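Below is one structure; the comments refer to it alone.
The values are calculated or read from the model by the stated rules, or taken from the named source; none is laboratory data. Everything numeric in this text was worked out from a predicted model, so none of it was measured. FYI the Cβ positions are ideal-geometry reconstructions off the backbone, even for glycines, and counts take in every protein chain you see.
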Amino acid sequence: MSSSRRDFFKKLLGTGVVVAGLPPACAPNIDPAPVLDVPMPGTDGIVALVVQRYPDLSREGGALTLRFPRESGQENLLVVHPTADTYAVLSATCTHVGCPMGFDGQEAVCPCHLSKFDITTGKVTQEPATVPLKTYVCTYNAGTQVLSINILAGDAAFPAVDNDGKVTLTFAQFPDLQNAGGMVSGTPNGYGKRIYVFKLEDGTYSAVDSVCTHQGCEVGFDAGLDELLCPCHASIFSKTGVVEPGGAATVNLKTFTVTADATGVVVGIA
Ligand code: FES
Ligand code: FES
């Protein structure tokens, strides 16, 4: 990408420049949620919190940021407690330019430029952010006061990771994968993060992770660029996961093995 194209996207995303119409750069009453360091869960992907141990979370209107070991690649999670026995879990990183999120008792709020997000759907309710926050499945047991968060849950309509660590995408279900330039994206249950699968113009396939290697935001496919663009700090990656030079990220996206036959494509996740 030329520097002028990158500059354009930086301006669009508000990195390094003043974007007209943005609110002031700090909010007086919203702070990022307090941080709790947690280990990575086992193969079931369940993080279990005894809520009463954490006063910042147990009070109504409270919230915590769960921080996982850096080497795990797992993004931080914002856990919020709006009312009584109700909890919700979202990505803790704002999709505007990557600030850590806070909670105002009703919505997830970014202290940097006051973007707001619905805590149930992750949808933007107040710009400048335009990309939703990822949401996570959680259940609360009022008897044991245990909140269980499944970080490996996926889309119900997308194939899950099977016992061999593979995701099978049939052409019958995903006909776009038969066409050069075609793309399929979804979150496999058992992996918990979005993947992108491309049929490239030369007829080969690639499959890449959506976790940006800069600070873990979820990259999106930009049809205009025909590349993957990170909404947080404008890093750009090719459809084979190779990072464009000059951006915030310097490491390629994680890639997966792909095999194809007459019936579909198999992506090796494990
Ligand atoms: S980083 Fe700007 S609103 Fe969140
Ligand atoms: S998280 Fe910073 S560029 Fe993606």
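Quick notes on this one:
- Hey, Thr120 part of a loop (DSSP other than H, G, I, E, B), away from ligand 1 (no atom under 16 Å from the Cβ) and not assigned by TED's automatic domain parsing to the domain that holds Lys193 or not: yes
Conditions (1) modelled with pLDDT under 95; (2) under 24 Å from Ala156 (Cα atoms); (3) within 16 Å of ligand 1 (Cβ to nearest atom); (4) buried (at least 23 other Cβ atoms within 10 Å of the Cβ), marked per residue:
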{"position": "Phe198", "(1), (2), (3), (4)": "no, yes, no, yes"}
{"position": "Gly203", "(1), (2), (3), (4)": "no, no, no, no"}
{"position": "Val211", "(1), (2), (3), (4)": "yes, yes, no, no"}
{"position": "Gly216", "(1), (2), (3), (4)": "yes, yes, yes, no"}
{"position": "Ala223", "(1), (2), (3), (4)": "yes, no, no, no"}
{"position": "Pro231", "(1), (2), (3), (4)": "yes, no, yes, yes"}
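- Qualifying residue in region 142-164 (condition: within 16 Å of ligand 1 (Cβ to nearest atom), surrounded by fewer than 19 Cβ atoms within 10 Å (Cβ to Cβ) and of a type in the set (D, E, K, R)): no
- Failed criterion for His233 (all others in (1) touching a Lys or Arg at 6+ places or on another chain (Cβ under 9 Å); (2) assigned to a loop (DSSP other than H, G, I, E, B); (3) of a type outside the set (Phe, Trp, Tyr); (4) more than 14 Å from ligand 2 (Cβ to nearest atom) hold): (4)
- Restricting region 95-110 to residues that are surrounded by fewer than 20 Cβ atoms within 10 Å (Cβ to Cβ) and either β-branched (Val, Ile, Thr) or within 13 Å of Ala129 (Cβ to Cβ) (or both), the residue that is nearest to ligand 1 (Cβ to nearest atom) is Cys99.
- Looking only at residues in region 138-196 that are closer than 25 Å to Val38 by Cα, part of a strand (DSSP E or B) and not hydroxyl-bearing (Ser, Thr, Tyr), the one that is farthest from the chain's Cα centre (by Cα) is Asn141.
- When the criteria are applied in full, Gly102 meets the requirement of being away from ligand 2 (no atom under 16 Å from the Cβ) and under 16 Å from His81 (Cβ atoms).
- Pair list, Cβ under 6 Å, 6 or more apart: region 226-243 residue of a type in the set (Asp, Glu), other residue in a strand (DSSP E or B): Glu227/Ile236
- For the residues Ala92, Ala88, the requirement of being farther than 21 Å from Gln215 by Cα and not charged (D, E, K, R) singles out Ala88.
- Condition met for Asn141 (modelled with pLDDT of 95 or more and assigned by TED's automatic domain parsing to the domain that holds Val124): yes
- Residue satisfying all of: in region 249-270; surrounded by 21 or more Cβ atoms within 10 Å (Cβ to Cβ) and not in a strand (DSSP E or B); nearest to ligand 1 (Cβ to nearest atom) among these: Ala249
- Here Ala88, Ala84, Ala63 are screened, and the one residue that is out of contact with any strand residue (DSSP E or B) (no Cβ under 9 Å at 6 or more places or on another chain) and of a type in the set (A, V, I, L, M, F, W, C) is Ala84.
- Region 174-188, residues that are free of Cβ contacts under 8 Å to residues at least 40 places away in the same chain, under 16 Å from Val266 (Cβ atoms) and out of contact with any Asp or Glu (no Cβ under 7 Å at 6 or more places or on another chain): Gln178
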